Each structure stands twice: as C-alpha cells, then as structure tokens.
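Comments concern the structure below.
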Amino acid sequence: MTEPDYSALEHDLIQLLGPRGVSRDARQREKASVDGARMSPIIAELLPLGIADLVAFPTNAEQIAGVVAAAVRRGVPVTPRGKGTGNYGQAIPMSGGLVLDMSRARAVIGVSGDTITADAGAPITALEQAARAEGKQLWMYPSTVHSTIGGFLGGGSGGTGTILHGSNDAGFVSALDVVTPESDGELLHVEGDEAQGFVHNYGTAGIIARATVRLEPAQDWRGLYASFTDFAGSLSVLRKLGRMQPAPRLVSADTPHITAQLPPDDAFPAGRSSLRMIVDASIVAEASAIIEGAGGRIEDVREGPSVSAALSVLSYNHPIEWLQKSEPGVYFHVEVSGDALVDRIDDVHAVYPGGLLHIEAGHTVPIGMLAGIYESPEAVYAGIEKLGELKVGVHNPHQWNVDFRLQETLELAQSTDPQGLLNPGKLNPDYAGPTKGAIR
Ligand SMILES: Cc1cc2nc3c(=O)[nH]c(=O)nc-3n(C[C@H](O)[C@H](O)[C@H](O)COP(=O)(O)OP(=O)(O)OC[C@H]3O[C@@H](n4cnc5c(N)ncnc54)[C@H](O)[C@@H]3O)c2cc1C
C-alpha cells in the first residue's frame, strides 16, 4: 500500500486542473466535509467524522478520471461529493484524503431519444430543463432538486416520479461512465445491469463521472393543493390518488402539526392536514372529485413551469427538515414504508413519543418519514424493532454504511478498488443492519 503523499498529489492536481482546481484552504476543506447528517441527532453528536486534506474541482468527466488516477498513484483516499445534501454522512471523508467535488463538472451533454447524458455534477434542475426543451421529462428526481445527478445515483434512491418508476436502481440508469482505482485514469462505459452495480453505494465501487438516464414524454403538470380536517382524511384517499392513470408524479400528505411548520402558504390552512399532488392536467377534475368525495377541500390548483419543483421541495425529508427547523433539537426521524402507515397509523404514531408521519404514495406501498421526539439512540433502535413488528419497513438514517446490495458491492469493490481508497469507512462487511451495531 502506497503511503499518502498529499504534497505530491497537490502538485499533480495543479498540473491537471490549474491552481484554482485544487484547494488546501481550511474553510474549503471543512465545507467539503459536511453533508446533511445534522438531521440525525445520533450522528450529529459524533461530528466531525472526518476532514478533507485536499479538495479538487474537476470541470468534466475526463478530469474526474484524471483526478482519481492521480490520487490512487499517490495513495490518497477519494470521497466523491455532489451538492452534499445526503443526510447520513455518506459524503463525509472519514479517512480524510481528497474530496472530489463535482460541482464544476456540470455539463449537460444532451438528449438522445429517450435518454439524457450529463457530467456527474450537473444539477437535476438542469437535466429536467434540458429534457423539457426537447418535449421530454426525467423519469424521476429527488426532492433536493438542486442536488447533482452523480450524487442522486450515488447516494439517493427516488422521489418525484417514483410512484410510476420505483427507485433509481430500477431501470432509470441507462449507462454510466465510471472511474475506479483499477481503471488507471480511463472512463469505463457500463450499461444496463453492469451500470446498476455502481448505483446507491456512495462511490465505494467506482465513481460516476458521466451518467445517461431515462426520459419520457413531457406532461402538462398541475400542482393540486388540498386539505382535510385531520390526517385520517388525507390517508383515506392517498393510495387511490396514487393509483390514478396517468400516474401522478407525486402525492404527499402531512399531519396538521407538520403542515403548520411548512413555509407559509394560503394553501396550508391552520389546523388542517395538507395533501399535495403533482398531477396530469387531464385528471385534475377526477382527483378533485375523489378528494371532495372523502370530505377534503381543494385549496388551489397551480400551473406553470415550476409547479413540479415547488411541490417536490415539500416532499420526502423536507417536511421533517421544516419540523426540525421550527423546533430545533427536538425531533429525529426514520424512513418507513408499508401499508401499515395508512392502515395502522395510530399504532405507527405511538411507536415514538410525539410521533408524526410525513407520507407519500409510493410505487407499490406508501412510503414516509416518521418523526419522533429524540431521547436516546437506544430508544430509536427499540422503535425500529417495534415498527418491524407492525410490518413497517425501515431504513435507518442514523448510520453511513452501504446497506443496499451490500454483498454485491463488496464483491465488485474487491476487483475495482482492492486498496479500499474509495470513500473509506462506508463499506463494512460486518454491518449488521438497522438496529444492531448501527454506528461504528
Ligand atoms: C431535506 C432532504 C430531502 C431529501 N430528499 C430526497 C429524495 O426525495 N430522494 C432521495 O433519493 N434523496 C433525498 N435526499 C437525500 C439527498 O439529498 C439526495 O439523495 C441527493 O440526490 C444527493 O445528491 P447530492 O448531489 O447532494 O449528493 P451528495 O450528498 O454530495 O452525495 C451523496 C452520496 O453519493 C456519493 N457521490 C456523490 N457524487 C458521486 C458520484 N459522482 N459518483 C459516485 N458517488 C457519488 C457521495 O460520496 C455520497 O456518499 C434528501 C435529503 C435531504 C436533506
């Protein structure tokens, strides 16, 4: 194993990227070493988990490959970074080393048929905009609409569009250009199943330098804002609305308490549960009839180019983030899924003191974020066990281990990164799952 040589690497990177393409400045290094992990009170207590020694800013896929090759040559670990919105510490350089900041490699290469290709640091909003200009739209995107395509594929899982297309490991990726320590500065072009091996494992098997993802014909979307006197009212129609055809892009609902923490909007009347949809213009009337038939009220129907993004940024973890902002230090959350979220909501809420669910109509079953008042890590894990007994699926956001297709990733990384230089600390063969030894 080569001893890390940071000075030699800095010299190499200046040659490759120019002096503005690499930084050892303390503020830059700190900025490049945090992500959204503060959403977890358990991880927050352990911060900082690592600080970069160097930060590199390549401007295209080829430079990304060159930077990885230089780091490997100098024995320096590499942690890829998109916009840094991941919320489990996955982007924190736990062994220090080089943070590979993708934010300047933001070219959208173009639309071809039903796919779009972009460099890893391209913002999701730029991809959607380029697709719309060609009469297309992305299959899906995360609620963090300004995050990068590389970060979404490396660390995210789904979002707006998931109702129809499932998570981002289910056919969304058409092809990737990846770079690994073994590829010696070359971009490896992988497609189909081979490409899936690099999705959602935090860059531990290979770093995505360029991505080609799927599009579909653009739709005329409306933002439908409704409300019910209570959360039970919103839940009573959520699955039915999610099954409508053409499929909505998003159906989200919140308890009255969470609704009150969202940014002020006349469409969120005090004391009521908000239900929001991104819905095809052709079924607004049908969706409204379902809502009103169940005792709900239509608050507004909005149109225009920003309706999709406006509702997306109120989905997934965002309502919990607003809750945490308005009551700092009180709430934690776990990611949950299953019909029990609708059918046994009182039992689900009762798992944690102050339990509050944000829910989305998912691809097969509802998915959501369950917030509760934070007491201790033990209480969080005990609740995860209880949720399992209620047949609620749980993803534990209080740990940074690769926990998706772990075995496959371990095998792939053994051949692509035998020295373990990619995002060290995240790929742990003995990771025991959501409730046991979660933090290491
Ligand atoms: C309020 C909030 C809401 C969120 N909503 C959603 C949501 O709806 N759906 C969802 O899936 N996620 C969501 N997330 C998680 C996260 O924001 C997204 O997954 C986002 O797309 C990550 O992109 P990023 O550019 O910020 O990546 P980063 O946070 O920078 O990186 C994420 C992970 O991917 C790795 N990575 C970064 N770039 C690359 C690359 N080029 N190649 C390989 N690995 C790479 C990083 O090392 C890290 O492990 C949310 C987070 C927050 C805080």
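Output the direction-averaged projected area (hull surface divided by four) of the convex hull of the alpha-carbon atoms of the range 108-218, in nm².
Here the figure is 6.1 nm², rounded to one decimal.
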Legend entry - Inter-label distance for GLU191 and ARG73, nm, one decimal - labels placed 7 Å from Cα along Cα-to-Cβ: 3.2 nm
Legend entry - Distance (nanometres) between label positions extended 7 Å along Cα→Cβ at LEU410 and ALA218: 4.7 nm
Legend entry - Per residue, in Å², the accessible surface of the chain once ligands and nucleic acids are set aside, probe 1.4 Å: 39 Å²
Inset, instruction - Pairs of Cα atoms under 8 Å, at least six residues apart: use those to get the relative contact order of the chain, whole percent. - result: 16 percent
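If you roll a 1.4 angstrom probe over the protein chains with everything in place, what fraction of the accessible area of the range 221-374 belongs to carbon and sulfur, to the nearest %? If you can, show how the numbers build up before the last one.
Details: 3030 of 5680 Å².
Whole-percent figure for carbon plus sulfur exposure: 53.
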Inset, instruction - Alpha carbons only, please: Rg and Dmax for the chain, in angstrom. - result: 21.8, 69
Legend entry - Lys pairs, the chain - Cα-Cα below 25 angstrom, 8 or more residues apart or on other chains: 10
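The values are calculated or read from the model by the stated rules, or taken from the named source; none is laboratory data. The model shown is predicted, which means the values in this text are computed figures rather than measured ones. Backbone-built Cβ (ideal geometry, glycine too); neighbour counts: all protein chains shown. Please note that ligands, DNA and RNA were not included when accessible areas were found on the heavy atoms of the full protein model with its side chains. Shrake-Rupley method; radii C 1.70, N 1.55, O 1.52, S 1.80 Å.
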